[in-house]
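Asks: First, the structure itself, so that you have it in front of you.
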Amino acid sequence: MKKVISDILLVLIGNAILAFGYAVFAIPADLIVGGATGIALTLEKLINIDYTNIVFVINMIMLIFGLIFLGKNFVAGTILSSFAFPIFLEVFENIKQLQNVSNDVLLCTIYAGVCIGIGLGIVFRRGYSTGGMDVPPLIINQKTGISLAFIINVCDIIILFMQIFFSSFEGILYGIIAVVISNFVLDKVLIIGERNIQVLVISSKHEEIAAALFKEVNRGCTFMNITTGYLQQSQKAVMSVVSARQYPKVNDLVLDIDPTAFIISNDIHSVKGRGFTLPDIDL
């Protein structure tokens, strides 16, 4: 129940931030945008219906397609976004004070990209979709096996080109900047969290190093069977994951035990298991 409540709150927050980016920055600045909102803005010029209503209709149509081709689980995880996003759009659009936040198009472009990226990232991190034009790429991917990222990019490019006829050349250029920023922020949000470092130590004193990790750093480790390249000697390497704060101590411990140790380290952003997502054990 806690997870369900947490998911609902985060999906609502993500959709609110997403709608805020569109309604407060992207739309007033006349930027071209992707997704269901981009299609809605194009249709608004042709049929003179408010774009928030068109977004709602598109989301409902896509939900039906999702139910037919992707199943009930997809709809259950996406239906909240399909309703919440157009409602938030309507709310923010009707707050007059938010429609004149800035007359600087570049500033609106940057903040639109940031808000869109954060909003999408929060929803995607929970394993849900924002609905709308996420559905066709998912269906095509399932039926053809073509890369999902490639299909999404193609769909967004088509939607962006649809708006060229209703936007200025500057609006197009700023819109492209907003898309680039939103994709960059989205990637960062998806991997945000405590920074951890994976350390691989190749040393003949692997048992002493492992014991020091247990005792001094309170971190577990894994032995890996390796064969050295030059001398063709079989031995073990020590692999462990530590926090960024612990890494200097680990580095000093290893070098104190074996000054000739070969140490490889790299950043990682998703660690699950004992000591991270599960309680520590007494080492």
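Asks: How many nm is it between the label spots at Ile268 and Asp50, if each spot is 7 Å from the Cα in line with the beta carbon?
Replies: In this crude spin-label approximation the distance works out to 5.0 nm.
Asks: Further question: What's the longest uninterrupted piece of the chain once you rule out the trypsin sites (Lys or Arg not before Pro) that are loop residues per DSSP with at most 12 other Cβ within 10 Å?
Replies: With a cap of 12 other Cβ atoms within 10 Å, the longest stretch comes to 1-244.
Asks: Hey, another quick one. Could you check the spin-label model distance between Asp187 and Val91? Points 7 Å from the Cα along Cα→Cβ, value in nm.
Replies: For the pair Asp187/Val91, the computed spacing is 3.2 nm.
Asks: Under 23 Å Cα-Cα from Lys249, which lysines qualify once same-chain neighbours fewer than 8 residues away are excluded?
Replies: Straight-distance partners of Lys249: Lys205, Lys215, Lys236, Lys272.
Asks: Relative to the longest principal axis of the chain, what angle (0 to 90°, nearest 10) does the C-alpha long axis of helix 135-144 take?
Replies: That helix lies at roughly 60 degrees to the long axis.
Asks: A further question follows. So, how do all the Cα-to-Cα distances of the stretch 1-79 break down into 10 Å bins, in percent, from 0 on up?
Replies: Whole-percent P(r) values from 0 Å outward: 16, 39, 33, 11, 1.
Asks: Going 7 Å from the Cα of Lys143 toward and past its Cβ, which residues in the stretch 37-67 have a backbone nitrogen under 18 Å from where you end up?
Replies: Those under the cut-off are 61-67.
Asks: Can you give the FRET efficiency for Phe150 and Gln198, using 1/(1 + (r/R0)^6), R0 = 25 Å, r = Cβ-Cβ distance, to the nearest 0.05? Can you show the working numbers first?
Replies: Details: r = 29 Å, r/R0 = 1.18.
Taking R0 as 25 Å, the efficiency between Phe150 and Gln198 is 0.30.
Asks: Looking only at Leu67, Leu43, Leu200, which one moves most when the chain is put into a Gaussian network model with springs between Cα atoms under 10 Å?
Replies: In the Gaussian network model the winner is Leu200.
Asks: Report the calculated FRET efficiency for Arg245 and Val4 (r = Cβ-Cβ distance, R0 = 35 Å), to the nearest 0.05.
Replies: The pair Arg245/Val4 has a calculated efficiency of 0.55.
Asks: OK, next. I need to check one value: relative contact order of the chain, counting alpha carbon pairs closer than 8 Å and at least 6 residues apart, in percent. Numbers along the way, then the final one.
Replies: Numbers: 414 pairs, mean separation 60.6, N = 283.
Relative contact order of the chain: 21 percent.
Asks: Something else: Lysines near Lys143 by alpha-carbon distance under 23 Å, same-chain residues fewer than 8 away left out - which ones?
Replies: Straight-line reach from Lys143, under 23 Å: Lys72.
Asks: Go through 53-64, 110-121 and give me the packing order, highest mean Cβ count within 10 Å leading. Before the final figure, lay out the partial values.
Replies: Numbers: 53-64: 19.1, 110-121: 23.7.
So the order, starting with the most tightly packed, is 110-121, 53-64.
Asks: Between Ile157 and Ala211, with labels modelled 7 Å along Cα→Cβ, what's the label distance in nm to one decimal, could you check?
Replies: Computed distance between label sites Ile157 and Ala211 equals 6.0 nm.
Asks: Can you give me the % of accessible surface on the chain that is carbon or sulfur? Probe 1.4 Å, all protein chains present, nothing else counted.
Replies: Carbon plus sulfur share of accessible area: 64 percent.
The values are calculated or read from the model by the stated rules, or taken from the named source; none is laboratory data. Worth saying up front: this structure is predicted, and the values here are computed from it rather than measured. A quick note on method: Cβ atoms are made from the backbone with ideal geometry, for glycine too, and the neighbour counts reach across all protein chains shown. For accessibility, only protein heavy atoms count, side chains too; no ligands or nucleic acids. Shrake-Rupley method; radii C 1.70, N 1.55, O 1.52, S 1.80 Å.
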